[in-house]
Structures are given as structure tokens and as C-alpha cells.
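The values are calculated or read from the model by the stated rules, or taken from the named source; none is laboratory data. All figures in this text were calculated on a predicted structure; none of them were measured in a lab. Glycine also receives a Cβ, built like all others from the backbone with ideal geometry; neighbour counts cover every protein chain displayed.
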Amino acid sequence: MSKMLMKGNEAIAEAAIRAGCKLFFGYPITPQTELSEYMAKQMPKRGGLCLQAESEIAAINMVLGATASGARAITSSSSPGISLKSEGISYIAGSDLPCVIVNVQRGGPGLGGIQPAQSDYNQATKAPGHGDLHLIVLAPASVQEMASLTGLAFDLADQYRMPAMILADGALGQMMEPVDFEERTARELPEKTWACCGHGNKREHNIINSLYIQPNVLEDIVKERFKRYEEVEKNEVMYEEYMCDDADTVIVAYGITARIAKSAVKEARARGVKAGLFRCITLYPFPAKELERLSHKVKRFISVEMNMGQMVNDVKVATDCRVPVTHYGRTGGVIPTVKEITEEILRLSAKKEG
Amino acid sequence: MITELFKHKAVIICGHFGTGKTNIAVNLALAAADRFANVCIADLDTVNPYFRTADNAEELRRRGVNVLLPQFANTNVDIPSLPPSFPLIFTTDCCSVTDVGGDEEGAAVLRGFAERYESIGYDMYYVFNAFRPENANTDYSLYSLRAIEAASGLKFSGIINNSNLGAETDRSVVFAAQKKAEEFAKESGVPLVMTTAFEKNAFPGCTVIEDVTKKLF
């Protein structure tokens, strides 16, 4: 039996172990906890370590230390816990260290709620910590992708020496689907010559650091980092188009919302409206060029998100507002239904242009 | 008929989380409501606030089942708590289905009620899904079954083979799991009392159930 029936949270954990990650540092929080539980059960059996830290802040700093040695390390949390980790995330980015951070989003702000949300889009893609920095942000939309994108996240993080985030949500974390772990092919990766793993008097010692006293030195380092970000933006964009070829109305969505929107697109088509779905798989790098190309042939974009309107701004920028870009969302842990999204497509399609 | 599970007035549904316990419990309660006068379903899942009996409360009530839920189920204060009216299953003449949380952690809640279950007569069933990681081999399954018995202070009277791969379940999936379920039953000494299938995969000897899991898309 090659396929297993798993929760999204479990699939991430299993995929991380299979990607050679032997170090998990975390602190439990709903709706992410099965990930920590899976690690706690599996890591000791498979030669790894699962450590429940005293806080989210401790956990992310343990990741910094572990990854500085060249090992693959992962931490996971849900929205409020990610805010706590933001200092460590910035330090990891500033130290040019790879790692994987999982955010199984729930409603916010504050303690918010425990039901699914996508209201950390801006945090993940714009300001995951202080300073000029990016995370690679991957947005799975199925339990299979929770697994395959986790493997990819480790490879991308190592390749570009930067943290990668899996931006999921409570629904994806909790729902169960079949998953096949045999699918992934790992990338060829550069040797970690920068790792602090003991020089044995055979080479210069390596230093992992994010403090630079001289402004011009720091500027050069940040600029070098942004050169790498350019490479990421050039090479690593991932998206999926569904029925966009002849579409008038294109929904832009990611994660669980894209799954729901896909059904809404089918429903709208059944009612004679030419709808399509553009699903972002990478949120950073954002598929801006691809949306720009699409903006020349469609009549409108609807950004469907479980928040008050965050990704919609990136769609507007990407498409230069060539056609109307509107937002449809639910928030606070409420998941939009197929019916709601279908009605929004039909409502906007029925509107007279201009 | 799934109602064959009722040999005493109380049925308890346990197992590794994600094996389909709630789906079985809800199917059983709905079928029981068609046959018996007074049917209760109690949501005793103190482990996980997602995908639980409360998702089906409306349909269950509509069909005459008395639904006993924790007070704040499916809200943002879904704290691990027991339904206040839960003891009704011991004090009235109802037939009851108790839907328990996953694994031994979920089953621990039964411990305080073990004597009361014994006094009214119960059958506790282990829901088995060969495609779940903790049921993937017989040793894991045996551990899980014994751990639940130890935590609950109650004994299993049967195994329900509910093996499935979600939306990708077809007949070959159901058949592939049958041998594993039989082996697990043999090793555990607990009889395999039922194998479930959805209508489209039905085969002679199976019990047909409906998919009552909340649909998001």
C-alpha cells in the first residue's frame, strides 16, 4: 500500500522526516498540534529529535542554532505562535540560514480563534520579521501538496540559503486525504561550506552572524541577499491555471480557498458564466508576470481569501489594475462556501461594464 | 445493517484518530433512530475540535436523535469538556452511541464512567483503517487497541474495518485492507464484526454506510 490516508499536519511531519530533517523544535498550538504529536512519536524511532521548547521563541532560536550546524531543521506553529517567532525568523534570514517554518493559520488578530483563516498572508509575504527580508512562501492546497511542498521547501531553503514557510490553514491541517510520499525527486544542492560543524583545523572557522556594525558592510550584505531573491523570483514561481483560457472572470486564490473556488468555477460554468481559477502555489515569489499576462485577456479578477483583503493588493499591483480587481472573503475562522463564491462570480459577471 | 452493533443499550466507538469514528457513530445513530424509540449520540471528543459529531448535529436532530454535545462545540471556545447532559445515557432507557476522541488520550475520558457503562451493558468497538499510519501494521494496531482498553478501563467486543482512502476509495482499496483487518482481529483476539463500504463500493457481506463528513468543497 503506497498511499496513506493522512491529516495535512501529519503529512507535513512525515514529509519533513523523509526530506532528511531530523530536528523538530516546537510548541503546541491548535490547529497545528498533530504535527508536533507526529514528530514526538516518530522522531525518536527514526533517529531524530523532537523537542517541545518552553515557548515559540525558544523553538525558533533552537532552529537557528541547529540549522547553523548545517542540519535540516523545522518548526511549526499557528498564527499567534508565528508572531512570537518573528524575531527569530528575522535573525535566521539575517544569518542566511535555511530552515522550514510551518504556519497552520487560524483566525486573528490576537489569540483570535482556532478555526481556519488566511489572515497571515501579509505577515508571511511582507513582514515575517523586521528588516529587508523575504521568506519563500509555499501555499499547499491539498494533503498531497502539504507533503510535496514540504520536501520542496527544504530544497529551496538550502539552495538559496533562506528560510521557507509552508503557509497552510486549519482546514488543510485537519482534513484527511490520500497522500503518496514516493512522488518527490530531490534537487541537487550545493555543499554547505558555510556550516559551523567543526573545522578540525583543516579550514578557516565559519561564523554565523546577523550583526554588522558598519552601515556600508550591512548594505552590501543585504544587496547580495536581494540578488539571491531575484534568482528566486526568476526561477521558482509556481501556480496553476484552471479554465483560464477563455475566462472572463478569474478567481485568484491559494490554499483551501482555491479548492473551494475550483468547485465554484465549475458551478459558474454550468450556469453559463466563463469563470476560471488562478491558483498561486508560491506566494513569495508571487506569480506577478503570469497574472499580468492574464490581465490582457480577462474582464475581471476576484481575489478570494479567508481574510479582509490581503492578496488582493498584490493582484492589483501585478495587473496594474488593468481590469477591476475585487476581493471576496470571510474571516474569523469562517470558511466560504462553494455557493457563496459562485454567487459572487455570477453577481459580478451580470454587472454592466464601465 | 449497522444497527447489528447494538447488542446492549450502549455502543462506544473508539480507535486511532482519523479512522472514521465519527462517520461510523453518526451513521449508527441515524440508523438506530429509524428502529428504536429513544436514541442519543454523545460527542465525547475532548482531543480535537475539528471534524466532530457536532458538524452533523442538525441532521441528527432532524431525524430524531438526541444530540449531546459539549457546550461550546464548533466555536472558538471549543475547550475539552463533556456534554452536561451526558449522564442521560445511564439514567434513561435510551440507546446511546458514544463517539470518543482518538487514541488512548481520547479514551481516557471513559475511565470515570467505566462502572456505569458496565452497569447498563455496553459494546465498545475499535474502528480500524489500514490506510492510517497507526493502523499500517498489526503491531501498531495492537498497541493502539490495548492502550485504549487500558486508558478506558473497558474491553472491546469487536473491530469495525472502516478502511478507506477518502475520495480515492474504490473496491480494490477496500479489498486490499480486508486481509490486514482479519490478521489484526486474529492477533488481538477481538472479532472482526463488520466491514464498511460506501454504496458505490458495496460487496456481499459489507455494511453500507454514508459519507457524513463535512464537505468544504
Listed by first then second residue, the pairs whose first member lies in the stretch B:152-181 and is more than 9 Å from chain A (Cβ to nearest Cβ) and surrounded by fewer than 23 Cβ atoms within 10 Å (Cβ to Cβ), whose partner is outside any helix (DSSP H, G or I) and basic (Lys, Arg), with beta carbons under 8 Å and at least 6 positions apart or on separate chains, are B:SER157/B:LYS7
If you scan the stretch B:68-80, which residues turn out to be polar (S, T, N, Q) and within 14 Å of chain A (Cβ to nearest Cβ)?
-> B:ASN74, B:THR75, B:ASN76
Within the stretch A:19-37, of all residues that are surrounded by fewer than 24 Cβ atoms within 10 Å (Cβ to Cβ) and within 13 Å of chain B (Cβ to nearest Cβ), the one nearest to B:LYS179 (Cα to Cα) is A:GLU37
Positions within the stretch B:41-67 being charged (D, E, K, R), surrounded by 22 or more Cβ atoms within 10 Å (Cβ to Cβ) and either within 14 Å of chain A (Cβ to nearest Cβ) or not in a strand (DSSP E or B) (or both), in sequence order = B:ASP45, B:ARG52
Taking the stretch B:111-162 as the search range and keeping residues that are in a loop (DSSP other than H, G, I, E, B) and among the polar types (S, T, N, Q), which one is nearest to the chain's Cα centre (by Cα)?
-> B:ASN162
Any residue in the stretch A:251-272 that is over 23 Å from the mean Cα position of the chain (by Cα) and part of a loop (DSSP other than H, G, I, E, B)?
-> yes
Count of the stretch A:282-320 residues which are under 20 Å from A:ILE136 (Cβ atoms) and either modelled with pLDDT under 95 or touching a Leu at 6+ places or on another chain (Cβ under 7 Å) (or both) | 5
Every residue from the stretch A:317-345 that is surrounded by 19 or more Cβ atoms within 10 Å (Cβ to Cβ), touching a strand residue (DSSP E or B) at 6+ places or on another chain (Cβ under 8 Å) and not in a loop (DSSP other than H, G, I, E, B) | A:THR319, A:VAL325, A:HIS327, A:TYR328, A:GLY329, A:ILE341, A:GLU344, A:ILE345
In the stretch A:267-304, how many residues are in contact (Cβ under 8 Å) with a residue 24 or more places away in the chain, more than 23 Å from A:LEU152 (Cβ to Cβ) and of a type in the set (D, E, K, R)?
-> 7
Scanning the stretch A:185-241 for residues that are in a loop (DSSP other than H, G, I, E, B) and basic (Lys, Arg), the one farthest from the chain's Cα centre (by Cα) turns out to be A:LYS202
Among (1) touching a Cys at 6+ places or on another chain (Cβ under 6 Å); (2) closer than 23 Å to A:MET308 by Cα - the single one A:SER86 does not satisfy = (1)
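Table: residues versus (1) farther than 24 Å from A:GLU224 by Cβ; (2) surrounded by fewer than 24 Cβ atoms within 10 Å (Cβ to Cβ); (3) out of contact with any Phe, Trp or Tyr (no Cβ under 6 Å at 6 or more places or on another chain).
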residue: A:ALA40; (1), (2), (3): yes, yes, yes
residue: A:ARG46; (1), (2), (3): yes, yes, yes
residue: A:GLN52; (1), (2), (3): yes, yes, yes
residue: A:GLY88; (1), (2), (3): no, yes, yes
residue: A:ALA93; (1), (2), (3): no, yes, yes
residue: A:VAL102; (1), (2), (3): yes, no, yes
